[in-house]
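The values are calculated or read from the model by the stated rules, or taken from the named source; none is laboratory data. Keep in mind the model is a prediction, meaning the values are calculated, not measured. Don't worry about glycine lacking a Cβ; one is built from the backbone with ideal geometry, like all the others, and counts go over all protein chains shown. The accessibility values were calculated without ligands, DNA or RNA, using every heavy atom of the protein model including side chains. Shrake-Rupley method; radii C 1.70, N 1.55, O 1.52, S 1.80 Å.
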Amino acid sequence: MQALLAPIKQFLQCETPDEWIALASQPEQLAALLIDHCNCELKAAQTAMFLIRKYAVDKASGDQLLQWAKPYEEFVYNKSRDIDAFLARDVKKNELVGELTAKDGVDYGPDLIAKMVRLIKEEFHHFEQVLEIMQARGIPYQNLTAGRYAKGMMRAVRTHEPATLVDKLIVGAFIEARSCERFAKLAPYLDEGLSKFYVSLLRSEARHYQDYLVLAQAISPENIDERVTHFAKLEAELISAPDTEFKFHSGRPETC
């Protein structure tokens, strides 16, 4: 595990504050932790799907992606949602059907499609896994709004292409890397079942951040090191600064 985490710790400019771990590991915070984690997994899949639809595929392929996401979004946005029915459905019927067609003239299209489709599959699966854990522990699902962390990162994204796409990919890399770092740091303080689950997520999350960075550099007409450094500093500030909310990616708790 240490070999997996070493490049992530080097990529991030700070570790998760001990105060956040102390709060997140408290039994009374378990529901908030899992609900936000569940939302984060779905948001990661939705973000990747948006990037494919906006930048990489034709309309017909975009419609295929929407059909793939439909059961998840119907569940999330239906106030009378049935968790048992959702988890009991035939998952194979909800898989992506057919091949996606890259837009003409988009050189990076096939690579973005391949990496993001794999990420979406894994994030949908993680969403279902967290939902199962919540269901087993009697924790109801609920929608949550984005926290200060995500808003702060996205606020720094440039507004002209391809810089917008490059920055969004770099932001995605930091979100995935921070998730991986927090899974590892929090796992020893959780019960055995949750600890094993969080450790099991490390490998895919570590690959996700690398995929995002590879794509960002392939799409950018210039070296991305300066932008990575810019976002690394911002990300560290958001993680280290006092935060009034408790979320999976929140900063240092003000209550500690």
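Tabulated data
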{"read-out": "Some residue of region 123-139 being of a type in the set (Gly, Ala, Ser), out of contact with any Leu (no Cβ under 7 Å at 6 or more places or on another chain) and in contact (Cβ under 8 Å) with a residue 60 or more places away in the chain", "value": "no"}
{"read-out": "Candidates GLU99, GLU28, GLU19, GLU15, filtered to the one that is at pLDDT below 95 and of a type in the set (D, E, K, R)", "value": "GLU99"}
{"read-out": "Selection status of LEU66, under 18 Å from LEU215 (Cβ atoms) and in a helix (DSSP H, G or I)", "value": "no"}
{"read-out": "Selection from region 41-69 of residues that are open to solvent by 40 Å² or more (accessible area, probe 1.4 Å) and of a type in the set (A, V, I, L, M, F, W, C)", "value": "PHE50, ALA60, LEU66"}
{"read-out": "Residue that is nearest to LYS168 (Cα to Cα) [pool: residues in region 46-103 that are among the acidic types (Asp, Glu) and within 22 Å of the chain's Cα centre (by Cα)]", "value": "GLU73"}
{"read-out": "Matching option when the condition is acidic (Asp, Glu), touching a Cys at 6+ places or on another chain (Cβ under 8 Å) and free of Cβ contacts under 8 Å to residues at least 60 places away in the same chain, among GLU205, GLU192, GLU226, GLU222", "value": "GLU205"}
{"read-out": "Lone unmet requirement of (1) out of contact with any Cys (no Cβ under 9 Å at 6 or more places or on another chain); (2) open to solvent by 10 Å² or more (accessible area, probe 1.4 Å) for SER240", "value": "(1)"}
{"read-out": "Search result, residues across region 227-256 that are in a helix (DSSP H, G or I) and touching a Pro at 6+ places or on another chain (Cβ under 9 Å)", "value": "ILE239, SER240"}
{"read-out": "Condition check for ILE133: of a type in the set (A, V, I, L, M, F, W, C), within 25 Å of GLU73 (Cα to Cα), open to solvent by 10 Å² or more (accessible area, probe 1.4 Å) and part of a helix (DSSP H, G or I)", "value": "yes"}
{"read-out": "Residue in region 57-69 that is closer than 30 Å to LEU238 by Cα and without any contact (Cβ under 8 Å) to a residue 12 or more places away in the chain present", "value": "no"}
